[in-house]
Amino acid sequence: MRFANALIFFVLGIAVMTSPHEALAKNDKAITLTPIGRYSAGSGGTRSEIAAYDPATRRVFAINLALLRVDVLDISDPATPVLEFMIPLAGAPNSVAIRDGVVAVAIENAVKTSPGFVQFFTTSGLLLSVVTVGALPDMITFTPNGKYVLVANEGEPNSYNQLTSVDPEGSVSIIDMTVGAANLTQGDVRTATFNNDMPKTNPSSIRNYGPNATLAQDLEPEYIAVSHDSKTGWVTLQENNAIAILDIEKGAFTRLVGLGFKNHSLPGNGLDASDSEISSEPRRGTNNIANWPVFGMYLPDAIDSYHVGGATYLVLANEGDTRNYLGFSEEIPVGDSGYVLDPAVFPNASTLKLEPNLGRLTVTNMLGAKEIDSDAQFERIFVPGARSFSIRTAAGELVFDSGDDFEKIIEARALAIFNSNGTPASFDTRSDNKGPEPEAIVIGKAFGRTYAFIGLERAGGIMIYDISDPFAPFFIDYVSTSPVDIAPEGLVFIKEDDSPNGKALLVLSHEVSNTTTIFEINKK
């Protein structure tokens, strides 16, 4: 055990793993992740969600949504992070990024369907400028060369099919930083938008389904990864099961890529589909990872990229998300009487609809019907999320997926929080709805290897994979500090050269526990 800030850090339920990926891990490639410091932002609303690190000042800038500010933490000693000062904001922050002494904060409008804005500050908190961007700016990042700031404007609707419904277009704002943050004007902001004529790859798996929505309104940018040469951006369109490829210099999207579907009936792609395997104890079932005749919609949240062997690869956290608004909801359990399985495809429909089987599994009613005939019966079952992380080429082609690793690893190593909300009391309650829910992802290089760190929003903790070879990643470790830290939302990797203690660090922001936790990375 390690002590810091008078708090005891611990890892839940470590046990021997039998994953084939883990069997490949060698001692000279393994790393350890040890929690060494934690800052608590208090209780009441979301106070720790996304953070950024400034190596020059050795500070972590963490957005505090509930209090409309940025909390600036001094981590000169990573074991004792200290709140140094706060930066008040003009609205609710969704994301923060830092480069060369400039802090950029994406802020949504009080009316979320109206244009948002970006505030630029010095690292000491002095306001430099403000520019307007698209509706609901959800993620912000600098390009590696520092020339541009990119903002993913999600453009969520406020409702559907109502007299007051507004569905703004999704977009990416491109802010030219060459004039300097203090001199920015609205003329330095371009907007990349979507249109029906865009080239598409695998279009049948791109979900365009919002009632009365155009393609531009329906696509909702979530997260952005940028190529090492700062020329290309890849934007996750989570609800749409797609990514968009952005030419940054031209300020235009060049292609939409549908991500396909994951076949959960194949070996290695199992899932626990029910939270009530013991029907006499609803929502207190047992873990039962198995193959089922369902298809997972990848619906990724966070994305990162890396360059290896002369090629760029994308790494995605396949969380899953659905639309549930006033006037429209796509979620439905398989067992619902309104969700009718085609008996020609599912002769065992009545068995599948039992609660210990698929009866309680949350699926979408917007996909899977009318694939074979014109009636409303469902010939395929589609579930939100893939409960995994994936690696894809720069063109979006799938080269690796972690399959059912996450559920099997937690089952073996931390059974008490299997498919939970991060606490033993909620054991198995998420099996029927996206399972461990991988949401955050970041890539880091340490000791000559490249690693992916994946944060699990529901179960909590971090999955670590060696992805040095994008075609043959392997599992390294699972580290959890639940229930002290619940719901990791954002990850920041700090390389050795930038670290205040000379060790590679990982900073996790937890949106439920409101904690910012610092992990030290060492070679095993």
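Could you tell me whether residue 179 is without any contact (Cβ under 8 Å) to a residue 24 or more places away in the chain and under 20 Å from residue 147 (Cβ atoms)? So residue 179 passes the test. Taking the residues in region 496-524 that are closer than 27 Å to residue 65 by Cβ and among the acidic types (Asp, Glu) as candidates, determine which candidate is surrounded by the most Cβ atoms within 10 Å (Cβ to Cβ). Among them, the one singled out is 511. Within the set 154, 84, 108, the sole residue that is of a type in the set (Asp, Glu) and farther than 30 Å from residue 218 by Cβ turns out to be 84. Residues in region 317-344 that are closer than 30 Å to residue 400 by Cβ and either among the basic types (Lys, Arg) or over 31 Å from the mean Cα position of the chain (by Cα) (or both): 323 alone. For region 301-326, a residue qualifies if it is within 26 Å of residue 156 (Cα to Cα) and of a type in the set (A, V, I, L, M), and the qualifying residues are 302, 303, 314, 315, 316, 317, 326.
Conditions tested, residue by residue: (1) of a type outside the set (A, V, I, L, M, F, W, C); (2) within 12 Å of the chain's Cα centre (by Cα).
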{"residue": "429", "(1), (2)": "yes, no"}
{"residue": "441", "(1), (2)": "no, yes"}
{"residue": "446", "(1), (2)": "no, no"}
{"residue": "451", "(1), (2)": "yes, no"}
{"residue": "455", "(1), (2)": "yes, yes"}
{"residue": "459", "(1), (2)": "no, no"}
{"residue": "463", "(1), (2)": "no, no"}
{"residue": "467", "(1), (2)": "no, no"}
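Identify, please: which residue in region 146-162 is among the small types (Gly, Ala, Ser) and within 29 Å of residue 100 (Cβ to Cβ) and is, among those, farthest from the chain's Cα centre (by Cα)? For region 146-162, the residue satisfying everything is 146.
Residues of region 163-186 being closer than 17 Å to residue 117 by Cβ and either assigned to a loop (DSSP other than H, G, I, E, B) or under 28 Å from the mean Cα position of the chain (by Cα) (or both), which ones? Result: 168, 169, 170, 171, 172, 173, 174, 175, 176, 177, 184, 185.
Does region 376-393 include one or more residues that are charged (D, E, K, R) and touching a Ser or Thr at 6+ places or on another chain (Cβ under 8 Å)? There is no residue in region 376-393 that is charged (D, E, K, R) and touching a Ser or Thr at 6+ places or on another chain (Cβ under 8 Å). Pairs meeting the criteria (first residue in region 38-60 and farther than 19 Å from residue 94 by Cα, second residue surrounded by fewer than 17 Cβ atoms within 10 Å (Cβ to Cβ) and among the aliphatic types (A, V, I, L, M), beta carbons under 7 Å, at least 6 apart or on different chains) are 38/7; 39/83. Among the residues of region 493-507, none qualifies, meaning not one is under 30 Å from residue 331 (Cα atoms) and part of a strand (DSSP E or B).
Scanning region 482-505 for residues that are of a type in the set (Val, Ile, Thr) and either out of contact with any Gly (no Cβ under 7 Å at 6 or more places or on another chain) or farther than 24 Å from residue 301 by Cα (or both) returns 484, 492, 494. One residue stands out among those in region 223-267 that are of a type in the set (Gly, Ala, Ser) and outside any strand (DSSP E or B): the one that is surrounded by the fewest Cβ atoms within 10 Å (Cβ to Cβ), which is 265. Applying the criterion of being over 30 Å from residue 51 (Cα atoms) and of a type in the set (Gly, Ala, Ser) to the residues of region 299-339, the residue that is surrounded by the most Cβ atoms within 10 Å (Cβ to Cβ) is 335. In the set 390, 374, only one residue is without any contact (Cβ under 8 Å) to a residue 12 or more places away in the chain and either small (Gly, Ala, Ser) or out of contact with any His (no Cβ under 9 Å at 6 or more places or on another chain) (or both); that residue is 374. Taking the listed residues 155, 116, the one that is crowded, with 23+ Cβ neighbours inside 10 Å and in a strand (DSSP E or B) is 116, with no other qualifying.
What's the number of the condition residue 45 fails, among (1) within 25 Å of residue 444 (Cα to Cα); (2) at pLDDT 50 or above; (3) not aliphatic (A, V, I, L, M)? The one condition residue 45 does not meet is (1). Using the structure shown, decide if residue 434 is crowded, with 24+ Cβ neighbours inside 10 Å and not in a strand (DSSP E or B). For residue 434, the condition - crowded, with 24+ Cβ neighbours inside 10 Å and not in a strand (DSSP E or B) - is met. The residue of region 206-222 that is surrounded by the fewest Cβ atoms within 10 Å (Cβ to Cβ), among those that are in contact with a Phe, Trp or Tyr (Cβ under 6 Å, 6 or more places away or on another chain) and either hydroxyl-bearing (Ser, Thr, Tyr) or closer than 30 Å to residue 119 by Cβ (or both), is 216. The strands (runs of 3 or more DSSP E) found wholly in region 35-107 and carrying at least 1 residues that are aromatic (Phe, Trp, Tyr) and surrounded by fewer than 19 Cβ atoms within 10 Å (Cβ to Cβ) occupy 82-88.
In this structure, is residue 472 crowded, with 24+ Cβ neighbours inside 10 Å, assigned to a loop (DSSP other than H, G, I, E, B) and aliphatic (A, V, I, L, M)? No. For region 437-459, a residue qualifies if it is surrounded by fewer than 21 Cβ atoms within 10 Å (Cβ to Cβ), in a strand (DSSP E or B) and not charged (D, E, K, R), and the qualifying residues are 443, 446, 450.
The values are calculated or read from the model by the stated rules, or taken from the named source; none is laboratory data. Here the structure is a predicted model, which means the values were calculated and not measured. Cβ sites come from the backbone with ideal geometry, for glycine too, and all protein chains shown count toward neighbours.
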